[in-house]
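Engineer: Quick one: the structure is below, questions incoming.
The values are calculated or read from the model by the stated rules, or taken from the named source; none is laboratory data. Everything numeric here is computed off the predicted structure, so don't read it as measured data. So basically every Cβ, Gly included, is an ideal-geometry build from the backbone, and we count neighbours across all protein chains shown.
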Amino acid sequence: MTLATATRRSVKQATGRGGDRRPVDHGAWFLVLPALIPILVLSVGPLLYGIALAFTDAQSGRTASTRWIGVLNFQDLLHDTLFWDSFRIGLLWAVGVTVPQFLLALGLALLLNQELRFRWLARALAIVPWAMPEVVVGIMWRLVYNPDAGILNETLRDLGLGDGRDWLSGLGTALPAVIVVGVWAGMPQTTVALLAGLQNTPRELHEAAAMDGAGAWRRFLTVTWPALRPVALAITALNFIWNFNSFALVYVLTNGGPGGRTRLPMLFAYEEAFRYGQFGYAAAMGFVMVAVISVILAVYLVGRLRGDEDA
Amino acid sequence: MKTSKGARAGQYLALLGYLVFLAFPFLWLISTAFKPARELASLHPTWIPKDPTLANFRQAFDEQPLLRAALNSLIAALGAAVVAVVIATPMAYVMARHRTLLAKAGTGWVVVSQAFPFVLVIIPLFLVLKNLRLINSLPGLVMVYVVWALPFALWMLVGYVRAVPTELEEAAAVDGAGRVRTLVSITAPLLAPGIVATALFAFISAWNEFFFALVLLKTPEKQTLPVVLTHFLGAEGVADLGPLAAAAFLATLPSLVIFAIIQKRITGGMLAGAVKS
């Protein structure tokens, strides 16, 4: 090999490596543009447009004469008890689904992490709720809850636990009934995330703790939980947001009824926008939903992170 | 590690509880789908149809344009999956390999977009698509699905790109291959399984999607399967249970099959994306 070739090789090698640290070059822009343009036009743009709409009186059918009305929509929202009812229901629903979902998923993940027979069956079954269209999940549970032909009431009758009832139409039972469905539908995804977190925990730590005579509960608190905490925190925060923003499941199960007892904020905003045509007002609702959820999450995350520092 | 017999029994009992909870609604759906009308009207429903029938499936196709809806869903899902993956792959590559502002902004967008309440995006999108005369059209829906599928497509693909060692690309560069050449002949083949998994996941998500389809598609001949399924519920929520169950069961099959195939790859890709960034 001549000296020239060797030099050229090493230079090329250097630039090849250095390429990774270079700022965005033309090649990178070329690669990013196909995705960047749709993101800007169909995601970032509409989001900004949506925020602007919240300050207008935009209505369907008369977008041409839309006027800027400042914070009037927000003042109206403040006094809109129906909106705050739905907001309260949305929070109840989001907490009511997220917390049991997490606890059940944690239990299932811990079980599936054990050497148990039939655990493959649980893994296989966990695919079902995850892969199903939400609309089908809603339809399926309506069949289960059906007052006459449903399996839930029949089972309760067989067990001698009363004559059953119309769960989705009862003022007191509708929200708990849809919450059960929400937990069922989201549990697998949470389980898989937690299971992956568990499998990242070094086995040796467990064995060392066991040798030191730590019981199952102690091992969980001192070894498993600290390792699992980041995954658990992230999945809980995401689940909370997803649940608060959910739509299809409850739309199919109760469409917000009875008497608005399950009318989640998204259902309310959807009706306001696409049934009554109040685009500006519905956009303001969306804006408030984002703002409040962001604040709640920020408080939660800061709290949890601080807890980490103390520990 | 040793586990006492009592604890073992408790674990199996818990596992049984989970299995029942996960399985029973789905088994009930299947049971209902194969029951003749007479049995569905019975006040004491049974788990196993005494007289199983396919009549509900026939009736479902008679009552609603299910084939047309399935075809619409297929077009929307396939279009979304292909376009999303084609444009996401190069961007994911940049995000995975460059620590630039652009890559950081991309990651930020992926995270933030998970928290979008769709209502804040759908109203302006509705207005934009209306002006483009793309309301009640599948191309309009595909455009929305592409952007909607992009965050997780990027997320998964970034994980897959990171799993390809940079040494291979460097070696190709040493041999004189340009950036695009390296990408096409070295990285892309190694990424192929990940790209396929991402596309299939995008396909299922679009196949299952309801909210955007409900808002954007107005006429029955344009609507996708999930929207058409809700027509079975009727105005007052009074439903013909048998055909409803049959149609719902059919709508689930494609997702279940695809998901069963790619489930391991999906979780792998998501975790790779989550753990390493």
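Engineer: If B:Met95 meets every condition in (1) within 16 Å of A:Leu42 (Cβ to Cβ); (2) over 18 Å from the mean Cα position of the chain (by Cα); (3) crowded, with 24+ Cβ neighbours inside 10 Å apart from one, which number is that one?
Structural biologist: (1)
Every residue, every condition in (1) in contact with a His (Cβ under 9 Å, 6 or more places away or on another chain); (2) more than 9 Å from chain A (Cβ to nearest Cβ); (3) surrounded by fewer than 23 Cβ atoms within 10 Å (Cβ to Cβ), yes or no:
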residue: B:Arg99; (1), (2), (3): no, no, yes
residue: B:Val119; (1), (2), (3): no, no, no
residue: B:Arg133; (1), (2), (3): no, yes, yes
residue: B:Ser137; (1), (2), (3): no, yes, yes
residue: B:Ala149; (1), (2), (3): no, yes, no
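Engineer: Also, quick follow-up: Given the range B:2-76, what helices (runs of 4 or more DSSP H) lie entirely inside it while holding 1 or more residues that are at pLDDT 90 or above and β-branched (Val, Ile, Thr)? Before the answer, list the steps.
Structural biologist: Values: elements: B:5-33, B:37-41, B:55-63.
The helices (runs of 4 or more DSSP H) meeting that bar are B:5-33.
Engineer: Still on this structure, I have one more. So which pairs qualify, if the first residue must be in the range A:242-265 and at positive phi, the second must be in a loop (DSSP other than H, G, I, E, B), the Cβ gap must be under 7 Å, and the two must be at least 6 apart or on different chains?
Structural biologist: Final answer for the pair search is A:Gly256/A:Thr262; A:Gly256/A:Arg263; A:Gly259/A:Leu171.
Engineer: Within the range B:30-39, identify whether any single residue is surrounded by 13 or more Cβ atoms within 10 Å (Cβ to Cβ), over 25 Å from the mean Cα position of the chain (by Cα) and aromatic (Phe, Trp, Tyr), and answer yes or no.
Structural biologist: So far as the range B:30-39 goes, yes, one or more of its residues are surrounded by 13 or more Cβ atoms within 10 Å (Cβ to Cβ), over 25 Å from the mean Cα position of the chain (by Cα) and aromatic (Phe, Trp, Tyr).
Engineer: For the range B:228-240: of the residues being surrounded by fewer than 24 Cβ atoms within 10 Å (Cβ to Cβ) and facing chain A (nearest Cβ under 8 Å), which is nearest to B:Pro49 (Cα to Cα)?
Structural biologist: For the range B:228-240, the residue satisfying everything is B:Ala239.
Engineer: Please return the ranges of helices (runs of 4 or more DSSP H) entirely within the range A:39-137 where 1 or more residues are in contact (Cβ under 8 Å) with a residue 24 or more places away in the chain and within 12 Å of chain B (Cβ to nearest Cβ).
Structural biologist: The helices (runs of 4 or more DSSP H) meeting that bar are A:45-53, A:81-112, A:119-131.
Per-residue answers, yes or no, for (1) closer than 30 Å to B:Leu253 by Cα; (2) modelled with pLDDT of 90 or more; (3) of a type in the set (S, T, N, Q):
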| position | (1), (2), (3) |
| --- | --- |
| B:Gly140 | yes, yes, no |
| B:Asp175 | no, no, no |
| B:Leu183 | no, no, no |
| B:Val196 | yes, yes, no |
| B:Val215 | yes, yes, no |
| B:Thr224 | yes, yes, yes |
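Engineer: Sticking with this structure for a sec: Restrict the check to the range B:118-132 and report whether at least one residue is more than 20 Å from the chain's Cα centre (by Cα) and either acidic (Asp, Glu) or assigned to a loop (DSSP other than H, G, I, E, B) (or both).
Structural biologist: yes
Engineer: Given the conditions (1) under 27 Å from A:Leu125 (Cα atoms); (2) buried (at least 17 other Cβ atoms within 10 Å of the Cβ); (3) hydrophobic (A, V, I, L, M, F, W, C), which single one is not true for A:Trp225?
Structural biologist: Exception for A:Trp225: condition (2).
Engineer: Are any residues in the range B:153-168 within 11 Å of another protein chain (Cβ to nearest Cβ) and in contact (Cβ under 8 Å) with a residue 40 or more places away in the chain, and if so, which ones?
Structural biologist: B:Ala153, B:Leu154, B:Leu157, B:Thr166
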